[in-house]
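Structure record follows, encoded as structure tokens.
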Amino acid sequence: MVRNVIFSKSDKIFQFAFIYVVEIGSKTHEKSRDIDSFIGIMAVIKKLNQDLSMKITSTSVAARVAQFEDLTRSIPIKKCSNVFINQRDTPSVRDLIRKFSSQPEKPIKNIKLEATASSSPNRINQEKHAANLIGETFKAYKQRKEAKAVNELGVKTLTNSKASRSYFYDQKGQFLSRTPDNFQKGGKGGFKQLVRRDDQFVQLHIHRLDENLNQRSYNQLANSTLQGYESICKAQFVNPTTMIAHNGGKEVASLIDEGKSVKLLAFKTLLSDLKNLHEKSIYFHDIKPENLTFDDKIVRHIDVENLIAPGYNTRDEGIVCSPYYITQHLLNDIEFGDNKDHASRNHDNYAVLKSIIEATTGSFFDENNRADEDASMPVFGMGEKSLGRARVWIQENVLPKWQNNAEQLLKCPGTQTKPVAVFDMIDWASVEKSDLA
Ligand SMILES: Nc1ncnc2c1ncn2[C@@H]1O[C@H](COP(=O)(O)OP(=O)(O)O)[C@@H](O)[C@H]1O
Ligand SMILES: [Mg+2]
């Protein structure tokens, strides 16, 4: 339920659509501001676009009302909008606008409906018919959604077979995701391969099943504890071999492969979230440029199913990590050390700092050794050559107070007694200043 949808006063077109649909279209709804009522707005907007050649895109509406587009896509909008074609507004619509807006009819004048307005009873009937159709369609869609049972992973699926697209909801009927539009293979890891994508979502096919993973409890974690972290682009299982996630943008590793770099400021949210998650004893353990994406604004974690979190996954079964972003010494500390939490923190900090230096400089420390899953891992940490390169970066971006600490972290992460969050180490004031320059 979204209760605080407010269209700005100047936004007359949307006010018009809002009143039209909520008050006339969804009679069944008793003025509720339920987000689902907005389903019908699409039909109105189509009409405005068609009749008045206005260019209101569904994306511009989606930006105003969260999840709007996905909800509107899930009912046969075409059926509704067909009824609207060749209609004009009626005095009843204008009355409502007057009632709801302290300003009189200006919005209608603005969108040039006034000139063609007519009060013919036929038009009023047509409008009533359209309104009822929206209401009925909406009701049918709600009933269909309610009647649908959740699968073994706690997900409800409604499929539009004509469009070969499915919509996924949680147990309470809250929209989670939908099938992305385009078949297009993308990045492939040890377990998953990107097979479909569009601007909003990606679909991952699981080509190797991870038997240690409880898919249902991962979905629950994704829907609760991991909710609200902007930097986590969490995929969810919609069936045992398919996951859907928000599209996080381009994989950072492939950007580096192309010699491109990502600015440090794009990691700020991720580092602040990482600090926060560590305080809740949640650790990723597989941070690397292959598991980070960049959408031209911020960098996000993908591939988080194997994270360690209280009540979800402990270190007892071992951790999932990549040789190039861990050390033997760290691994030993994580499995057998006296302070496993510190070891876990140090591991994430080591892996994230190494990945960030690679991403912001646009080149890997050791091109040859990275991708090999069976490559031998270093015993302690970075060798002198890599450390020399890292030192330059540290002097430029880390607060003087933490420069030794940062270097020590890369040289030998396991021996650090007190881990310092990478977020706290960075000189954000100067990073922000140089970003503006
Ligand atoms: N949310 C996402 N946005 C964009 N690309 C993604 C997303 N999730 C996965 N990918 C792409 O798919 C690849 C495989 O996904 P990942 O979750 O890392 O699988 P694996 O567990 O096999 O490593 C990633 O390396 C990335 O290229
Ligand atoms: Mg991966």
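Laboratory data are not the source of any read-out in this text; all were calculated from the coordinates shown. Everything numeric here is computed off the predicted structure, so don't read it as measured data. Every residue, glycine among them, receives a Cβ derived from its backbone with ideal geometry; neighbour counts consider all protein chains shown.
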Report task. Could you pull out the pairs from LYS268/LYS418; LYS268/LYS354; LYS250/LYS275; LYS260/LYS340 whose alpha carbons sit more than 27 Å apart here? Result -> LYS260/LYS340
Requested in this report: For a quick protection proxy, order the peptides 268-275, 142-149, 344-351, 226-233 by their average other-Cβ count within 10 Å, most packed first.
Outcome: 344-351, 268-275, 226-233, 142-149
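Starting from the Cα gyration tensor of the range 156-246, take the square roots of the eigenvalues, sort them a ≥ b ≥ c, and report rounded, prolate or oblate (rounded when a/c is under 1.5, otherwise prolate if a/b is larger than b/c, else oblate).
Values: a/c = 1.41, a/b = 1.07, b/c = 1.32.
Rounded, because the longest to shortest axis ratio a/c is under 1.5.
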**Report entry** Furthest towards positive pole of dipole, HIS329, MET382, LEU399, structure part the range 250-436, Cβ charges
**Finding:** LEU399
Query - Loop-located GluC sites (Glu not before Pro) in the range 347-384, at most 14 other Cβ atoms within 10 Å (DSSP) - result: GLU367, GLU373
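Let's see if you can work this out: charge +1 on each Lys and Arg Cβ, -1 on each Asp and Glu Cβ, no other charges. What is the dipole magnitude of the range 191-349 about its Cα centre, in debye to the nearest 20?
Numbers: 18 positive and 23 negative charges, 80 e Å.
In debye, rounded to 20, the range 191-349 gives about 380.
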**Report entry** Test item: Cα-centred dipole of the range 156-246, Lys/Arg +1 and Asp/Glu -1 on Cβ, debye
**Finding:** 260 debye
Query raised in the report: Can you give the charge dipole size of the range 145-185 about its Cα centre, rounded to the nearest 20 debye, using +1 on the beta carbon of Lys and Arg and -1 on the beta carbon of Asp and Glu?
Result: 140 debye
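Place the peptides 310-316, 261-267 in order of packing, highest mean first, counting for every residue the other Cβ atoms within 10 Å and averaging per peptide.
261-267, 310-316
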